[in-house]
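Reading through the structure tokens given below for one structure.
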């Protein structure tokens, strides 16, 4: 007859673990002897060893009791089921690790990978930190408001992998606080319209009207964004130039 400490030592667990398995109904508690101690038998050593083996293999405790009482065929089927569950969990954990690896920069947090990479490149290109943060947060908000639409758009049109487009975005951020009539504003507007014309058949400029179609969401986006005088003039020049070249419909007067 064995004490609880001897039982635990034989199997390689703590007495606390033995008591835990008692509480879960996996290991029956033996009656106490005349001195008030519980005494365990060889059968308890065998059962506890099997419990520990199953638990160590990843079998959930709710299934351990079932498998201990199962016949050979039922045991094999149960183990196969547990194995399938473990494989699914391993797949989920690998996906989480992959996602975590992509979060090595705060600019990738809450953004599709394409945009996260682009924003990192903007910082590396010397765009002002405050305006890169604004640009990033605007896209985080847009993605939160239009998650499915933006992911579908990015899957079809990866504008931010185009070095010319990315350079224009950097230049736009760099010009945020300059005088509205700075020649660099005019130059960027001209380059932007040239790029739009060169890419008019690629389809990458299409779909923004349909993409941002929720008026309430757009009010939230507009409230978050800021416009400087240079950006206001840049937008005006780009729109006028695009209309002159027939790239966008002419806005009716008024």
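Just so it is clear, none of the values below were taken in a lab; they were calculated from the coordinates. These numbers come from a predicted model, not from an experiment. Don't worry about glycine lacking a Cβ; one is built from the backbone with ideal geometry, like all the others, and counts go over all protein chains shown.
Assuming R0 = 51 Å, can you tell me the calculated FRET efficiency for the pair residue 69 and residue 98, based on Cβ-Cβ distance, to the nearest 0.05? Once rounded, the FRET efficiency stands at 0.80.
Quick check: convex hull of the Cα atoms in region 105-244, volume per residue, rounded to a whole Å³? All intermediate terms of the calculation are to be shown ahead of the outcome.
Details: hull volume 15.6 nm³, N = 140.
Normalising the Cα hull of region 105-244 by residue number yields 111 Å³.
Taking label positions 7 Å along the Cα-Cβ direction at both residue 24 and residue 144, the computed distance is 4.0 nm, reported to one decimal.
Largest GNM mean-square fluctuation across 33, 191, 179, computed for the chain with C-alpha springs under 10 Å, falls on 33. Between the Cα long axis of helix 215-224 and the first principal axis of the chain there is an angle of about 80°, rounded to the nearest 10. Largest GNM mean-square fluctuation among 39, 123, 184, using the chain with Cα springs under 10 Å: 39. Helix 163-174 axis versus longest C-alpha principal axis of the chain: approximately 80°, rounded to the nearest ten. Convex hull volume of the C-alpha atoms in region 4-100, normalised per residue: 112 Å³.
Over every Cα atom in the chain, the radius of gyration and the widest Cα-Cα span, Dmax, amount to 32.6, 103 Å. Which residues in region 222-239 place their backbone N less than 20 Å from a point set 7 Å from the Cα of residue 187 along the Cα-to-Cβ direction? So the set is 229-239. With respect to the chain, whose longest principal axis is taken over its alpha-carbon atoms, helix 72-101 is tilted by about 30°. You can think of it this way: the chain between residue 152 and residue 225 has 24.0 nm of extra reach, that is 0.36 nm per residue less the Cα-Cα gap. Taking every C-alpha pair closer than 8 Å and separated by at least 6 residues, the mean separation divided by the residue count of region 105-244 gives a relative contact order of 29 percent.
Using 0.36 nm per residue and subtracting the Cα-Cα separation, the extra length available between residue 194 and residue 215 on full extension is 4.5 nm.
Tell me what the chain gives for mean residue ellipticity at 222 nm when only DSSP H runs of n ≥ 4 count, each as -39,500 (n - 2.57), the sum divided by the residue total, rounded to 500 deg cm²/dmol.
-21000 deg cm²/dmol
Using a Förster radius of 35 Å, what is the FRET efficiency between residue 240 and residue 91 based on their Cβ-Cβ separation? Nearest 0.05, please. E between residue 240 and residue 91, to the nearest 0.05, is 0.10.
Our note on the geometry: Cα centres of region 72-123 and region 150-201, 34 Å apart.
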